[in-house]
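Novice: The structure that follows is given in the form of structure tokens.
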Amino acid sequence: MEEPVVTGFQGNDLAVGLLEKPETREENLRMLKELNGKACQVVTGVVVLFPILTAPGYRMQSIEERTTVHFNDNSERKLKAYVDSGEGLDRAGGFAIQGLGGLLVGKIEGDFWNVVGFPASAFFTLLDYLVEEDDDFLEI
């Protein structure tokens, strides 16, 4: 391995379980009804794997970012209209906060970009820490 590798995982964690990406409009509507009037956490994990000279030849640093999304108590008509837009298909939790899905949300607590898909602020804070504090980072 010659260059740092970044991996990530994102999911929406509702009290009833993990909400993945809906594949159908029916599944999308079911997810939005579960979220409606409630809050969920968007959890993203990012791992930076980088080479070092000593065994085992690599080091790993990771972060976890959590953002709470509070959904408005939306009418079924509004939920169906959103589902009909198709925007929520293939999106974790069935909504895109940066688009029309933002109209379903009352507020968030935490990093907006984490909900969009990548916790950029936390990631760059980690990179800054690695550059400044970890003598092995970028040495090879």
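The values are calculated or read from the model by the stated rules, or taken from the named source; none is laboratory data. Model, not experiment: these values are computed from the prediction. Methodologically, a virtual Cβ is constructed for each residue, glycine included, from the backbone with ideal geometry; neighbour enumeration extends over all protein chains shown. Keep in mind that these areas ignore ligands, DNA and RNA; they rest on the heavy atoms of the full protein, side chains included. Shrake-Rupley method; radii C 1.70, N 1.55, O 1.52, S 1.80 Å.
Novice: Please turn the phi angles of the stretch 77-88 into ³J(HN,Hα) values with the Karplus equation 6.51 cos²θ - 1.76 cosθ + 1.60 (θ = phi - 60°), one per residue in order, whole Hz, x for glycine and proline.
Specialist: Calculated HN-Hα couplings, in order: 4, 5, 4, 5, 5, 5, 4, 5, 5, x, 5, x Hz.
Novice: Which of these, A81, A92, A55, has the largest mean-square fluctuation under a Gaussian network model of the chain (Cα springs below 10 Å)?
Specialist: Its mean-square fluctuation being the largest, the pick is A55.
Novice: Can you give the accessible area of S121, probe radius 1.4 Å, in Å² rounded to 10?
Specialist: 80 Å²
Novice: Once both axes come from the Cα atoms, what is the angle between helix 25-35 and the longest principal axis of the chain, in degrees from 0 to 90, rounded to 10?
Specialist: 80 degrees
Novice: A further question on this structure: Which aspartates and glutamates, on any chain, are close to K80 with Cα under 16 Å apart, when same-chain ones fewer than 8 places away are left out?
Specialist: Cross-link targets: E23, E26, E27, E34.
Novice: Follow-up. Can you show me the helix-derived [θ] at 222 nm for the chain, built from DSSP H runs with n ≥ 4 at -39,500 (n - 2.57) apiece and divided by the number of residues, rounded to the nearest 500.
Specialist: -8500 deg cm²/dmol
Novice: Helix 120-133 versus the longest principal axis of the chain: what angle, 0 to 90°, nearest 10, using Cα atoms?
Specialist: Tilt of helix 120-133: around 10 degrees.
Novice: Please report, in Å, the Rg and the Dmax of the chain, where both are computed over Cα atoms only.
Specialist: When restricted to the Cα atoms of the chain, Rg and Dmax are 18.3, 60 Å.
Novice: Determine the sum of side-chain charges near L53: Lys and Arg each +1, Asp and Glu each -1, restricted to other residues whose C-beta is under 12 angstrom from that of L53.
Specialist: After counting each charged neighbour, the total is -2.
Novice: Out of the total accessible area of the chain (probe 1.4 Å, heavy atoms of protein only), what percent is carbon and sulfur?
Specialist: It is 51 percent, rounded to a whole number.
Novice: What lysines does K38 reach when the alpha-carbon gap must be under 17 Å and sequence neighbours fewer than 8 apart in one chain are set aside?
Specialist: Hits, sequence-local ones excluded: K78, K107.
Novice: Relative contact order, percent, of the chain when contacts are C-alpha pairs under 8 Å separated by at least 6 residues?
Specialist: Computed value for the chain: 28 percent relative contact order.
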